[in-house]
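K.L.:
Below is the structure I would like to discuss, written out as structure tokens.
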Amino acid sequence: MILINKTWADLKPNEDSKGNSEWFDDYYDRIKNKIEFKDFPKEVFEQWIHPLHNDYHTIRNYAWMNYEYIEFELIEWKYSQLEKLYVIEDFREFFESRASYNDLNQFSCREKDLDYWKENGTWRIPPIILDTKSINDEIPKWSEVSNEFQLIEGHSRLGYLKSIKRINELGNVRIAKKHKVYSMRVRKHNKELR
């Protein structure tokens, strides 16, 4: 049985009678006013919580956490730090396929994202990373939370970054020295996560 914390349920997008989720703008206008989530970055809601709230992997790995105790921080990491991120088993093949390109034109992303890769050597929207060291509660057996840092959302982007590194070595594009990420962690003053 997978445990879903009440705070994860509170983050659920509303659905119409056909099961369709509310539009992101409506969701964000509603959810940003909840005091326990007011400091969550809009991009975290937009790329992860709203579209993947009911996703099996999200529920299994992260829905057990108490989101009243979670904080997000926009930080910059070097490539050498990012290449050590843990990617859950079900997404490794997908990640590796994105990491195998030798040319930017192989990227299957929106034009504005591709242009950003070409001009900046990094992603446009920062991925989300879990600082697993901050978890001071026992991680449930059903959850695949591992290593010091785990990629939550941004598998294509991390794969593309690995490809950018290779393309950079071929001399066809430059890779940025640092890359922005959202670090998700349990606030230090909280004793229990659930």
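The values are calculated or read from the model by the stated rules, or taken from the named source; none is laboratory data. Not measured: the values here are computed from a predicted model. No Cβ is skipped: glycine too gets one built from the backbone with ideal geometry, and neighbour counts run over all protein chains shown. Side chains are part of the model used for accessible areas, which takes the heavy atoms of the whole protein and leaves out ligands, DNA and RNA. Shrake-Rupley method; radii C 1.70, N 1.55, O 1.52, S 1.80 Å.
K.L.:
Working from Cα positions, state the angle (0 to 90°, nearest 10) between the long axis of helix 155-169 and the longest principal axis of the chain.
P.N.:
That helix lies at roughly 20 degrees to the long axis.
K.L.:
Could you tell me the accessible area of Ile125 in Å² (1.4 Å probe, neighbours in place), rounded to the nearest ten?
P.N.:
Surface accessible to solvent at Ile125 totals approximately 40 Å².
K.L.:
Which is farthest toward the positive dipole end of the stretch 6-186 among Leu85, Phe72, Ile167, measuring Cα position about the Cα centre, with Cβ charges +1 (Lys, Arg) and -1 (Asp, Glu)?
P.N.:
Result: Ile167, furthest along the dipole toward the positive end.
K.L.:
Just to confirm the filter: which chymotrypsin sites (Phe, Trp or Tyr not before Pro) across the stretch 58-161 are DSSP coil and have at most 15 other Cβ within 10 angstrom of their Cβ?
P.N.:
Working: sites: Tyr62, Trp64, Tyr67, Tyr69, Phe72, Trp77, Tyr79, Tyr86, Phe91, Phe94, Phe95, Tyr101, Phe107, Tyr116, Trp117, Trp123, Trp142, Phe149, Tyr160; in loops: Trp64, Tyr101, Phe107, Trp123, Trp142.
Those that pass, being in a loop and sparsely packed, are Trp142.
K.L.:
For the chain, what size does the Cα cloud have along each of its three principal axes, sorted from largest down, in whole Å?
P.N.:
Over the chain, Cα extents along the principal axes are 50, 37, 28 Å.
K.L.:
Taking a 1.4 Å probe, which of Arg157, Arg110 shows the most accessible area, and what order do the others take after it? Please report the intermediate quantities before stating the final value.
P.N.:
Working: Arg157 40, Arg110 135 Å².
The ranking, largest first, comes out as Arg110, Arg157.
K.L.:
With springs connecting C-alpha atoms under 10 Å apart, model the chain as a Gaussian network and identify which of Ile75, Ile129, Ile139 has the largest mean-square fluctuation.
P.N.:
The residue that fluctuates most here is Ile75.
K.L.:
Follow-up question, since we're still on this one. Restricting to DSSP H runs of at least four residues, report the calculated mean residue ellipticity at 222 nm for the chain, -39500 (n - 2.57) per run over all residues, nearest 500 deg cm²/dmol.
P.N.:
Values: 7 runs with 59 residues, N = 194.
Dividing the helical sum by the residues of the chain leaves -8500 deg cm²/dmol.
K.L.:
Dipole magnitude of the stretch 1-113 about its Cα centre, charges +1 at Lys/Arg Cβ and -1 at Asp/Glu Cβ only, in debye to the nearest 20?
P.N.:
The dipole of the stretch 1-113 has a size of about 180 debye.
K.L.:
Could you tell me how far the Cα centroid of the stretch 66-94 sits from the Cα centroid of the stretch 1-17, in Å?
P.N.:
The stretch 1-17 and the stretch 66-94 have Cα centres separated by 22 Å.
K.L.:
Let me ask something additional. Would you work out the charge dipole size for the chain about its Cα centre, treating the Cβ of every Lys and Arg as +1 and the Cβ of every Asp and Glu as -1, and quote it to the nearest 20 debye?
P.N.:
Values: 32 positive and 34 negative charges, 125 e Å.
My answer is approximately 600 debye.
K.L.:
Given a 1.4 Å probe, how much area per residue of the chain is accessible, in Å²?
P.N.:
Numbers: 10730 Å² over 194 residues.
Each residue of the chain exposes 55 Å² on average to a 1.4 Å probe.
K.L.:
While we're on this one: Per residue of the stretch 20-28, what does 6.51 cos²θ - 1.76 cosθ + 1.60 with θ = phi - 60° give for ³J(HN,Hα)? Whole Hz please, x for Gly and Pro, Karplus curve as stated.
P.N.:
7, 5, 4, 4, 4, 4, 5, 4, 5
K.L.:
Also: Looking at the chain only, what percent of DSSP beta bridges run antiparallel? Nearest 5 please. Working shown, then result.
P.N.:
Numbers: 13 of 17 bridges.
Rounded to the nearest five, the antiparallel share is 75 percent.
K.L.:
Net charge around Glu22, counting only other residues with Cβ within less than 14 Å of its Cβ (Lys, Arg = +1; Asp, Glu = -1)? Walk me through the numbers before you get to the answer.
P.N.:
Working: positive: Lys12, Lys18, Arg30, Lys32; negative: Glu15, Asp16, Asp25, Asp26, Asp29, Glu46.
Computed value for this residue: -2.
K.L.:
Take the cross-link list Lys12/Lys32; Lys141/Lys178; Lys12/Lys180; Lys34/Lys84; Lys42/Lys180; Lys84/Lys112 and give me the ones stretching past 24 Å between alpha-carbons.
P.N.:
Details: Lys12/Lys32 12 Å; Lys141/Lys178 34 Å; Lys12/Lys180 27 Å; Lys34/Lys84 34 Å; Lys42/Lys180 15 Å; Lys84/Lys112 27 Å.
Lys141/Lys178; Lys12/Lys180; Lys34/Lys84; Lys84/Lys112, as the Cα separations exceed 24 Å there.
K.L.:
Pairs of alpha-carbon atoms within less than 8 angstrom and 6+ residues apart define the contacts here; what relative contact order does the chain have, in percent? Display every interim value, and only then the final one.
P.N.:
On the way: 282 pairs, mean separation 56.1, N = 194.
In percent, rounded to a whole number, it is 29.
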